[in-house]
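Chemist: Take a look at this one; I'll ask things after.
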Amino acid sequence: MRIGMILDTDFPPDPRVENEAVTLIEAGFEVYLFCLDYKGGAQPAEEIKGIQVRRFYCGSWVYKLSAWAYTFPFYHWILKRWIAAFLSDNPVDAIHIHDIQIARSVFNLKLDIPVVLDLHENRPEIMKFYGHLQKFPGKQTIFPSEWGKYESKYIQMADRTVVVTEEAKEYYIKKLGLSPDQLIVVPNTVRAVFEKEAKHDATIVDRLANKFVILYVGDTGLRRGLLTAIEAMPELSKHIPDVKLVIVGSNKTDGVLKAKVEELRVHDYVDFEGWQDFTLFQSYIAVSDVCISPLHRNVHHDTTYANKIFQYMAFAKPLIVSDCLAQETVIRRANSGLVYQAESVEDYQQQVLKLYEDTDLRQELGANGKAFVSQDYNWERTSQELIKYYNQIETDVI
């Protein structure tokens, strides 16, 4: 059975797309991936880890146009033509759409084959926090509510919809009155060998080895909660002389975070590492003492995971997370960390100090997390429902 995956951006990198495609290939399927080439120069066709990648060069203007995908029809007119050409050259038995942005282009083709819609996130809800929607012209022309209408429409049109958490599944069942079997949960977990395949950078490890490292990895937008972690540093530095908050990632709003560091005069205790190559994340995690996911509460964060929490656990690191529903549930299930009230600096401080003062607790929580992802909650296990579904429809299609 040949599966056509549709992606609205460059490939690689996209860990979720790659994991799903490689897993389906290992299960005996063929995967053809439609993707875009914004920069130019990439090969129009190549095989990556068994994935038959087909790229369509479009330039950055198409990327900019995608912001208005559900305001004006132009983006989908363009993509519909390219997707039709892709399907003509690479006939497939089923379509797997990655995220809502490009979905309209596919559904407008009115294909007579099974269609799976894979929602990487709750895009209509998270769009409410995008910076370009807070000012002209985005505020006047891009409407999350309109994206929400199309998301609901295409979920109901799809043969199956893939979501990343049980909380997201319950959200759409309640919102749209869906049957549970219309949704498949495929979390962004790590492979069981994630920690074993790590390559450590000695310069990072040596530089931070004598510090009590509180680590954050990932996008640093303000909704990720790093202001809470920074505002806790004056008090934490009184009790933990060698404390270091290490932030690996970036965002356009980093100026706000850095200004807060200067205002509080804690620049000696906070390191902004910027974006680093993914292969270096493991070195930062390995040298850390505590890893954090301080997300603010909202519908999106309540129904998704930051996949960093599974990376942290794979390295046996204790976590401190805010009480967003999905991540609180999984952390309590694994007994791999402590939970605090989102945006509460005092509560966050208390949890950090609790772990700092109790080495045995850090080791216990870290060991629990490592066992959880290596034995129970890894990609090899959590991707089985996706394989099961494609196995079911293969009999009907072929």
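Chemist: For Lys238 and Ala259 in one chain, what is 0.36 nm times their gap in residues minus the Cα-Cα distance, to one decimal in nm?
Modeler: 5.5 nm
Chemist: Please give the per residue accessible area of segment 275-341, computed with a probe of 1.4 Å over protein heavy atoms only, in Å².
Modeler: Ligands and nucleic acids excluded, the result is 30 Å² per residue.
Chemist: Give me the angle, in degrees from 0 to 90, between the Cα long axis of helix 359-371 and the longest principal axis of the Cα atoms of the chain, rounded to the nearest 10.
Modeler: Roughly 10 degrees, rounded to the nearest 10.
Chemist: Per residue, how much accessible surface does segment 24-68 expose to a 1.4 Å probe? Answer in Å², no decimals.
Modeler: I get 52 Å² per residue for this part.
Chemist: Let me ask you something else. Accessible area, 1.4 Å probe, largest first: how do Met157, Met1 sort?
Modeler: Order by accessible area, largest first: Met157, Met1.
Chemist: Give me the net charge of Pro241's neighbourhood, meaning all other residues with Cβ under 12 Å from the Cβ of Pro241; Lys, Arg count +1, Asp, Glu -1.
Modeler: +1
Chemist: Turning to a different aspect of this structure: So if I take the centroid of the Cα atoms in segment 19-33 and the same for segment 122-141, what is the distance between those two points in Å?
Modeler: The two parts, judged by their Cα centres, are 34 Å apart.
Chemist: For Lys252, go through the aspartates and glutamates and keep the ones whose alpha-carbon is under 12 Å away, minus same-chain ones fewer than eight residues off.
Modeler: Once the sequence-local aspartates and glutamates are set aside, what remains near Lys252 is Asp219.
Chemist: Further, regarding this structure: For Lys211, go through the lysines and keep the ones whose alpha-carbon is under 25 Å away, minus same-chain ones fewer than eight residues off.
Modeler: Lys211 reaches Lys196, Lys199, Lys238, Lys244, Lys258, Lys260, Lys308, Lys317, Lys354, Lys370.
Chemist: With the full set of protein chains in place, find how many percent of the accessible area of segment 43-122 is carbon and sulfur; take the probe as 1.4 Å.
Modeler: Using a 1.4 Å probe with all protein chains present, segment 43-122 comes out at 56 percent carbon and sulfur.
Chemist: Now for a separate question. What percentage of the solvent-accessible surface of segment 196-281, computed with a 1.4 Å probe over protein heavy atoms, is contributed by carbon and sulfur atoms?
Modeler: Ligands and nucleic acids excluded, carbon and sulfur give 49 percent.
Chemist: Still on this structure, I have one more. In Å², and per residue, what accessible area does segment 162-231 have when probed at 1.4 Å with the other protein chains present?
Modeler: Value returned for segment 162-231: 45 Å² of accessible area per residue.
Chemist: Now a separate question. Apply the a/c threshold of 1.5 to the C-alpha gyration tensor of segment 304-384 and tell me whether it is rounded, prolate or oblate.
Modeler: Judged from the Cα gyration tensor, segment 304-384 comes out oblate (a/c at least 1.5, b/c at or above a/b).
Chemist: For the chain, find the longest principal axis of its Cα atoms and tell me its angle to the long axis of helix 278-287, 0 to 90°, nearest 10.
Modeler: Roughly 30 degrees between the two axes.
Chemist: Mind checking the angle between helix 254-264 and the chain's longest principal axis? C-alpha axes, 0 to 90 degrees, to the nearest 10.
Modeler: That works out to roughly 10 degrees.
Chemist: How high is the relative contact order of the chain, in percent, counting Cα pairs under 8 Å that sit 6 or more residues apart?
Modeler: 14 percent.
Chemist: Please work out the Cα center distance from segment 313-364 to segment 63-86, rounded to the nearest Å.
Modeler: 42 Å
Chemist: Once the other residues with Cβ under 14 Å from the Cβ of Lys149 are scored (Lys, Arg +1; Asp, Glu -1), what is the net sum?
Modeler: Charge balance near Lys149 sits at +1.
Chemist: In the neighborhood of Asp219, defined by Cβ-to-Cβ distances under 11 Å, what is the net charge if each Lys or Arg adds +1 and each Asp or Glu adds -1?
Modeler: Charge balance near Asp219 sits at +3.
The values are calculated or read from the model by the stated rules, or taken from the named source; none is laboratory data. Everything numeric in this text was worked out from a predicted model, so none of it was measured. Backbone-built Cβ (ideal geometry, glycine too); neighbour counts: all protein chains shown. Ligands, DNA and RNA are excluded from the accessible area calculation, which covers all protein heavy atoms including side chains. Shrake-Rupley method; radii C 1.70, N 1.55, O 1.52, S 1.80 Å.
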